[in-house]
Amino acid sequence: MNCIIVDDEPLGRKAIQLLISDTPVLSLCGSFGDAVSAGKFMQVSPVDLVFLDIKMPGVNGLEFARMIPADTLVIFVTAYAEYALDSYEVDAIDYLVKPIEIERFRRAVIKAHTYHTLLKADHSRNSIESVTADHIFVKAERRYFKIQFKNILFIEGLKDYVVIQTSDQRIVTKMNLKSIHEMLPKDTFLRTNKSYIVNSDYIDSFDNNDIFIGKYEISIGNSYRDAFFETFSMKNNPKD
């Protein structure tokens, strides 16, 4: 994947550059200290992935993420953990907090590379083909997949697509998150933020800010928190 770094701190850019140099799937094609310079470069050069700081003078990272092409993926790299939920608003692939651990960086890149491969495939005619009381049929990669609701761990919105994650596979189809949510059992599938719907039957633990499903950690957005806990509480503590 062609990638660039956008960070106003020279030491921050150098740290990411060293991590990229040890990652074979990445090819660094530019490093910029501000969003304007990066934007001009992206107008003439294809970029698959942007490692993007948030707090920068002039155009900040969140503003810049809204301006870049829809098929360019973003991984935020910042010293400020409190912006993590804001990253969902711009469909960021991941959110890394400085100083970056090598293994955490690798996991973010693997996720970006996986989604890059999925999005480059021909999904132009993918969709939800039919819905029943206990399953959906999804057309993806020229095939029809029958997916039992009970096997879905969560669904992630990714730009113009949704990623349906089951225990053993990941299926991408062209649909927005709101549309697929309307097709699912409302007492089981709960919206947790702008980018995620979770199957509450698979929630292993949670706190006020995050849900844990196996190895996955999913944030609870401020605007979704009250509705999530109300529905989740009613399901697990039904009235007689």
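The values are calculated or read from the model by the stated rules, or taken from the named source; none is laboratory data. Owing to the predicted nature of the structure, the values given are computational and were not obtained by experimental measurement. Cβ atoms come from the backbone with ideal geometry, glycine included; neighbour counts cover every protein chain shown. Note: areas computed on protein heavy atoms with side chains; ligands, DNA, RNA excluded. Shrake-Rupley method; radii C 1.70, N 1.55, O 1.52, S 1.80 Å.
When a/c reaches 1.5 or more, the comparison of a/b and b/c decides; with that in mind, is the chain rounded, prolate or oblate per its Cα gyration tensor? Could the numbers behind the result be given before it?
On the way: a/c = 2.21, a/b = 1.56, b/c = 1.41.
The shape class here is prolate.
Output the 0 to 90 degree angle, nearest 10, between the alpha-carbon long axis of helix 222-236 and the longest principal axis computed from the alpha carbons of the chain.
So the inclination is approximately 30 degrees.
With 24 Å as the limit, write out which pairs from 98/178; 150/194; 40/174; 150/186 have Cα-Cα distances beyond it, or answer none.
Numbers: 98/178 33 Å; 150/194 22 Å; 40/174 30 Å; 150/186 13 Å.
Beyond 24 Å between Cα atoms: 98/178; 40/174.
If DNA, RNA and ligands are ignored and the probe is 1.4 Å, what is the ranking of 132, 192 by accessible area, most exposed first?
132, 192
Tell me which residues come under 5 Å, amide H to amide H, from residue 72 once H is placed; ignore anything under 5 positions away on its chain.
none
Quick one: net charge of residue 135's neighbours, Cβ under 9 Å, K/R +1, D/E -1?
Once positives and negatives cancel, what remains is +1.
Classify region 97-206 from the C-alpha gyration tensor, please: rounded if a/c falls under 1.5, else prolate or oblate depending on whether a/b exceeds b/c.
oblate
With each run of n ≥ 4 DSSP H residues scored as -39500 (n - 2.57), what mean residue ellipticity at 222 nm is computed for the chain after dividing by its residue count and rounding to the nearest 500 deg cm²/dmol?
Estimated from H runs of four or more residues: -8500 deg cm²/dmol.
Let me check something: with ligands and nucleic acids excluded, how do 27, 219 order by accessible area (1.4 Å probe), largest to smallest? Please list the in-between numbers first.
Values: 27 60, 219 20 Å².
Ranked from most to least accessible, the order is 27, 219.
Got a sec? What order do 67, 56 fall in by accessible area at 1.4 Å, biggest, i.e. largest, first?
Working: 67 130, 56 20 Å².
Heavy-atom accessible area, descending, gives 67, 56.
Solvent-accessible area per residue for region 1-78 at a 1.4 Å probe radius, Å²?
Per residue, region 1-78 has 45 Å² of solvent-accessible surface.
For residue 29, what charge total do you get from the other residues with a beta carbon under 15 Å from its beta carbon, if Lys and Arg give +1 and Asp and Glu give -1?
+1
In degrees from 0 to 90, rounded to the nearest 10, what is the angle of the helix 35-44 Cα long axis to the longest principal axis of the chain?
Around 90 degrees separate the two axes.
In whole percent, and with a 1.4 Å probe on the protein chains, what portion of the accessible area of region 31-108 is carbon and sulfur?
Summing carbon and sulfur atoms, their accessible area is 53 percent of the total for region 31-108.
Comparing 204, 48, 94, which has the greatest mean-square fluctuation in the GNM of the chain with Cα pairs linked when under 10 Å apart?
Taking springs between Cα atoms under 10 Å, the residue moving most is 204.
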